[in-house]
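**Q** If you scroll down you'll find the structure; I have some questions about it.
The values are calculated or read from the model by the stated rules, or taken from the named source; none is laboratory data. Keep in mind that what you see is a predicted model, and the values were worked out from it rather than measured. Neighbour counts are summed over all protein chains in view; Cβ atoms, including those assigned to glycine, are modelled from backbone coordinates with ideal geometry. Just the protein is used for accessible areas: all its heavy atoms, side chains included, with ligands, DNA and RNA removed. Shrake-Rupley method; radii C 1.70, N 1.55, O 1.52, S 1.80 Å.
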Protein chains: 2
Amino acid sequence: MESEFSVGEILPNERDLAARFGVARATLRQALEQLELEGRLQRRRGVGTTVAPPRVGVAVGTEQHAWPGSADDVWQPADCTLAVPPATVAQALESGRDDAVHTVRRSRVTHGQPVAAELLYVPRESVPGLTAIDAPSGPARARAVLRELQHLELEGQESAVELGSARAGEAKELDRLPGAPVLVVTTRYIAEGRAAALSVATYRADTCRLTFGDTGGVVVHQDPERRAS
Amino acid sequence: MESEFSVGEILPNERDLAARFGVARATLRQALEQLELEGRLQRRRGVGTTVAPPRVGVAVGTEQHAWPGSADDVWQPADCTLAVPPATVAQALESGRDDAVHTVRRSRVTHGQPVAAELLYVPRESVPGLTAIDAPSGPARARAVLRELQHLELEGQESAVELGSARAGEAKELDRLPGAPVLVVTTRYIAEGRAAALSVATYRADTCRLTFGDTGGVVVHQDPERRAS
DNA sequence: CAGTGGTCTAGACCACACG
DNA sequence: GTGTGGTCTAGACCACTGA
């Protein structure tokens, strides 16, 4: 199918394709799903199926450690609340199970397309200078928390990547349907010998290639395609 | 379903589950597929469905650069051939389109389970000391290539992670069915100002959490579970 | 061999985009 | 309203595991 259609852009609809290949539509859809998982196709309900452009490389790890909210940060703060985090987050932060932490929501946009949604958990101990009157909520408060974070000296950070599926909220933010495959990047920021913040970022798996640059500057464009079996 | 069955280990079969929830088996399977994608379930044909253990964290990036095949390397060389690589690999290596390169196959095993399969492409210029009589093929030759690689001074490395699906060969090596979701880690090793080697490693997405440690030593066990929407 | 998950079919209806 | 992809059904058969 790829060789037959890659020249064009728009594919025939699923019913026609199924008929052309002599299979049931469910079977045809299974093949399309795999191709979409590999980033070769894009499908939009009510619109159609198109050949996807190469995945965009998004940098998620730099050789220089930097707090979220630094000058060159690509994330856009959206909101901030004070809430008790999920148990797993509390554990990673080594905070009490019922301690409320600042929860910053941010989003990341590339080429006009949303690529990631993030939840950043910041224990209150990490931002002692934050005054209640700064801002009650909203983007202003998110920026205030990030600003206070810069005062700590960052000692290190560690990240993990795993496969997940988009929750309803994330799905809407990423312009996908719930259950869509996502790459979840969890990053622990270390300062003063403890976890000073925890970021859980959800990237669209269909359009993103996460890069962990390590050579300092040399950017390489590389097709995600792999050897045929 | 999770809260109902997480205590036990083995789930009822799909036909029974579908009947219990009053849905068709295809619908039930769709739900199981998503849970498997998230690493919560493991399904094996002919056996059954079980609640999955937490994902294992596998380190794929270290703060110290190191060549493949270093003393502490966790990969096991399996084979080595001299072949013309796929076009995309040749491009990343900045080698001619028709230049044959050493192609080392390696596998990675953790806790007795295969977690990744790798193809390591090494241009002949990167291992000038390799003599033809060293070993014609097989693991011995793979080790010879890796040994010669150590002679170069590694200047940096850059990695990218993206979602893919297992080819037939990879699937067998990873003990999965073709099409299973995998995390593809592409790493370029830089020496003497050029790409001296390219690694394409395929990790099982269902069982692996890829860690990019950056703090040097502190290992943290962390549940992959995320906030409920 | 029986039981499991994996694949496939033929059809119906739903949710959404766009003219 | 029409056409698209997304969901669901009820049933059949296949491939594999393990007793």
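**Q** Heads up, I need the accessible area for B:SER107: 1.4 angstrom probe, whole protein in place, Å², nearest 10.
**A** Estimated to the nearest 10 Å², B:SER107 gives 30 Å².
**Q** Go through B:GLU38, A:GLU153 and list them by solvent-accessible area, largest first, probe radius 1.4 Å. Write down the numbers at each step before the final one.
**A** Details: B:GLU38 25, A:GLU153 145 Å².
So the residues, ranked largest to smallest area, are A:GLU153, B:GLU38.
**Q** Roughly how many Å² is the accessible area per residue of region B:56-212, as a whole number, for a 1.4 Å probe? Don't jump to the answer; show the numbers that get you there.
**A** Details: 6540 Å² over 157 residues.
I get 42 Å² per residue for this part.
**Q** Mind listing the phi-derived Karplus ³J(HN,Hα) values for region A:195-210, rounded to whole Hz, using 6.51, -1.76 and 1.60 with θ = phi - 60°, and x for any glycine or proline?
**A** Karplus-based 3J(HN,Hα) across region A:195-210 equals 6, 8, 6, 9, 10, 10, 10, 10, 9, 5, 6, 6, 10, 10, 10, 7 Hz.
**Q** With label points built 7 Å along Cα→Cβ from the Cα atoms of B:GLN150 and A:ASP98, find their separation and express it in nm.
**A** With each label placed 7 Å out from Cα toward Cβ, I get 5.7 nm.
**Q** Around A:ALA166, which amide H atoms from residues at least 5 apart in sequence, or from another chain, sit under 5 Å from its own amide H, with H modelled in the peptide plane?
**A** Those qualifying (amide H under 5 Å, at least 5 residues apart or on another chain) are A:GLY179, A:ALA180, A:VAL182.
**Q** Per residue of region B:33-47, in order, report the coupling 6.51 cos²θ - 1.76 cosθ + 1.60 (Karplus, θ = phi - 60°) as ³J(HN,Hα) in whole Hz, putting x for Gly and Pro.
**A** These are the phi-based 3J(HN,Hα) values: 4, 5, 5, 5, 4, 7, x, 8, 10, 10, 10, 10, 4, x, 10 Hz.
**Q** Calculate the FRET efficiency for A:ALA78 and B:ALA19 from the Cβ-Cβ distance with a Förster distance of 51 Å, rounded to the nearest 0.05.
**A** Plugging the Cβ-Cβ distance into 1/(1 + (r/R0)^6) gives 0.70.
**Q** At a probe radius of 1.4 Å, figure out the B/A buried accessible area, summed over both chains, and give it in Å² to the nearest 100. Walk me through the intermediate numbers first.
**A** On the way: alone 13690 and 13670 Å², together 22650 Å².
Buried area between the two chains comes out at roughly 4700 Å².
**Q** Hey, another quick one. Once Rh for region B:56-212 is found with the Kirkwood sum over Cα pairs, what is the Stokes-Einstein diffusion coefficient at 25 °C and 0.890 mPa s, in µm²/s?
**A** Values: Rh = 15.9 Å.
This corresponds to a translational diffusion coefficient of 155 µm²/s.
**Q** List, in order, the whole-Hz ³J(HN,Hα) value for each residue of region B:95-102 obtained from phi through the Karplus relation with A = 6.51, B = -1.76, C = 1.60 and θ = phi - 60°; use x for Gly and Pro.
**A** My calculation for region B:95-102 gives 9, x, 5, 10, 7, 6, 10, 5 Hz in order.
**Q** Separate question: Among the GluC sites (Glu not before Pro) within region B:72-138, which fall in a DSSP loop and have no more than 15 other Cβ atoms within 10 Å of their own Cβ? Provide the component values of the computation, followed by the final result.
**A** On the way: sites: B:GLU94, B:GLU118, B:GLU125; in loops: B:GLU94.
Answer by residue number: B:GLU94.
**Q** Which distances in nm, rounded to one decimal and ordered from shortest, link the label point of A:ASP98 to the equivalent label points in the other identical copies, with labels set 7 Å from Cα toward Cβ?
**A** Here the equivalent label points are 7.5 nm apart from this one.
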